[in-house]
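> Quick one: the structure is below, questions incoming.
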Amino acid sequence: MKSLVLYSSQSGNTETLAKSVYDSLEGEKELRSIDEIPSHELDHDLLAVGFWLKAGKPDPKTEAFLKACKMNAKVFFLRPMGLPKAPIMPGRPWNTPFAC
Ligand SMILES: Cc1cc2nc3c(=O)[nH]c(=O)nc-3n(C[C@H](O)[C@H](O)[C@H](O)COP(=O)(O)O)c2cc1C
């Protein structure tokens, strides 16, 4: 099983999540920033895509990657969320990253 954890991150939250996912995976694995992708034709069995949300959508680099990507893999997505103090998450600071 060959896995790739790919992330796009401006201020580090998504990178932190991606590293946690990477650490939890077994077998052959790679952790890469979306800026380091050598090709859009990838031969991994599992792809984890970490992105940050911009105006309700994946950030532009991730969106471009997903449109161009050609591979036959199981894919899952992860992203952090920055929220103001909200009743649904009492006591949780707005900038605490967590996986969805
Ligand atoms: C220009 C801009 C637009 C954003 N739009 C959203 C949004 O629509 N929804 C959301 O939940 N977060 C939004 N965010 C918050 C980022 O997704 C959040 O801070 C994220 O943790 C940043 O990830 P990073 O630290 O990996 O760059 C926005 C941030 C920026 C800078």
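> Within region 14-35, how many residues are within 15 Å of the ligand (Cβ to nearest atom), part of a strand (DSSP E or B) and either in contact with a Ser or Thr (Cβ under 9 Å, 6 or more places away or on another chain) or more than 17 Å from V75 (Cα to Cα) (or both)?
Qualifying residue count for the region: 1.
Residue-wise test of (1) at pLDDT below 95; (2) surrounded by 14 or more Cβ atoms within 10 Å (Cβ to Cβ); (3) within 11 Å of the ligand (Cβ to nearest atom); (4) among the aromatic types (F, W, Y).
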{"residue": "G12", "(1), (2), (3), (4)": "yes, no, yes, no"}
{"residue": "D43", "(1), (2), (3), (4)": "yes, no, no, no"}
{"residue": "G56", "(1), (2), (3), (4)": "yes, no, yes, no"}
{"residue": "L66", "(1), (2), (3), (4)": "yes, yes, no, no"}
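The values are calculated or read from the model by the stated rules, or taken from the named source; none is laboratory data. This one's a predicted model, so the numbers in the text were calculated from it and none came from an experiment. Cβ: placed from backbone, ideal geometry, glycine included. Neighbour counts: every protein chain shown.
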